[in-house]
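Colleague: Sending over a structure as structure tokens; questions will come in a sec.
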Amino acid sequence: MKGVVFLGDRKLELREFPDPAPGPRDVILAIKASGMCGSDLHTYRAPANAGGVVTGGIKRAAGVIAGHEPCGVVAAVGTAVTDREARIGQRVMDHHYDGCGNCKHCRAGWTQMCLEGPVVYGSGGHAKYMKVPVSTLVPLPDPLSFVTGAAISCGTGTAWGALRRVKLQGGETIAIFGQGPVGRPKRARANFLSAIIVCLTRTLAHDRDLLVSNHTQIQCGFRSALLAKRWRTRSM
């Protein structure tokens, strides 16, 4: 199969890789959509290093397939995977983090905060197939497209999880710094909840149309991270 490798210095290559084979508790996804996260852009833009190791964003060894917003269908399953866990042809997203399974964060479902160090499945999303543990699969409802599922796998899911954790209620005020791939879905969700939204963005003119809603009461542009830092300090 072919896969995308980030080389750094805004360069990439399409290389040949062997098709992955599942371990006993693994699943092979046939990728239908693979998003570009901000972490991917950091890797793409990072300076190239000797030996091809890329250090920006999610650190990868040389020659590793990029992409960690995968969405697709189950193409193969391991020998220890049951039909209840995954079946061939099933539409799925992938929660691309795994942990030790035993620490307090893993037991609470926050594997990306594993005290032993999380494993990020950032290898294979930008390819035809990707091998992942069956425990990381999330069913993709039929009304949702694969492109939508890829967005939910990282940026949109991050925004939804953050608002869920703070238990935002209608009429409450929330400040959202930036209107990128995480800030925009966060604003949309907060707007749905009838919250009062304060949006801070570096380029107000660029985002003006995106910020218009019934509940966006204040729109601010800031030219430096320093102003944002001061705003955060005063609001704590």
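Since every read-out is calculated from the coordinates, none of them should be taken as a lab result. All values reported here derive from a predicted model rather than from experimental measurement. So basically every Cβ, Gly included, is an ideal-geometry build from the backbone, and we count neighbours across all protein chains shown.
Colleague: Please order ASP19, ASP83, ASP98 by the number of other Cβ within 10 Å, starting at the fewest.
Modeller: Exposure proxy ranking, most exposed first: ASP83, ASP19, ASP98.
Colleague: Taking amide H positions as placed 1.01 Å from N in the peptide plane, with prolines and chain starts having none, which residues 5 or more places from ALA76, or on another chain, fall under 5 Å of its amide H?
Modeller: Residues meeting the criterion, in which the H sits 1.01 Å from N, are ILE28.
Colleague: For LYS11, LYS131, what's the fewest-to-most ordering of other Cβ within 10 Å of each Cβ?
Modeller: Ranked by crowding around the Cβ, least crowded first: LYS11, LYS131.
Colleague: Considering every Cα-Cα pair within segment 2-153, what fraction, in whole percent, is farther apart than 19 Å?
Modeller: When every Cα pair of segment 2-153 is considered, 54 percent fall beyond 19 Å.
Colleague: What length, rounded to one decimal in nm, is gained on full extension from LYS104 through to VAL120, with 0.36 nm per residue of separation minus their alpha-carbon distance?
Modeller: Taking 0.36 nm per residue and subtracting the Cα distance, the gain is 3.9 nm.
Colleague: Just rank MET130, MET113, MET36, fewest to most, by other beta-carbon atoms within 10 angstrom.
Modeller: Fewest-to-most Cβ neighbours within 10 Å comes out as MET113, MET36, MET130.
Colleague: Along Cα→Cβ, 7 Å out, is where each label goes; now give me the distance between the ones at ALA30 and GLU16 in nm to one decimal.
Modeller: Going by the 7 Å Cα→Cβ label model, 2.2 nm.
Colleague: Continuing with this model, one more query. Which semi-axis lengths, in whole Å and largest first, follow from the square roots of five times the eigenvalues of the Cα gyration tensor of segment 100-197?
Modeller: Each semi-axis is √(5λ); the values are 27, 19, 12 Å.
Colleague: So, one more: Using amide H atoms built 1.01 Å from N in the peptide plane, name the residues 5+ places from LEU140, or on other chains, whose amide H lies under 5 Å from its own.
Modeller: For LEU140, whose amide H was placed from the backbone, the distant partners under 5 Å are ARG91, VAL92, MET93.
Colleague: Given LYS32/LYS186; LYS104/LYS128; LYS2/LYS104; LYS131/LYS186; LYS104/LYS131; LYS104/LYS167, which pairs have Cα atoms separated by over 28 Å?
Modeller: Working: LYS32/LYS186 25 Å; LYS104/LYS128 35 Å; LYS2/LYS104 39 Å; LYS131/LYS186 30 Å; LYS104/LYS131 26 Å; LYS104/LYS167 21 Å.
Over 28 Å Cα-Cα: LYS104/LYS128; LYS2/LYS104; LYS131/LYS186.
Colleague: What residues have an amide H closer than 5 Å to that of GLN179, excluding those fewer than 5 places away on the same chain, when H is modeled at 1.01 Å from N in the peptide plane?
Modeller: For GLN179, whose amide H was placed from the backbone, the distant partners under 5 Å are ARG202.
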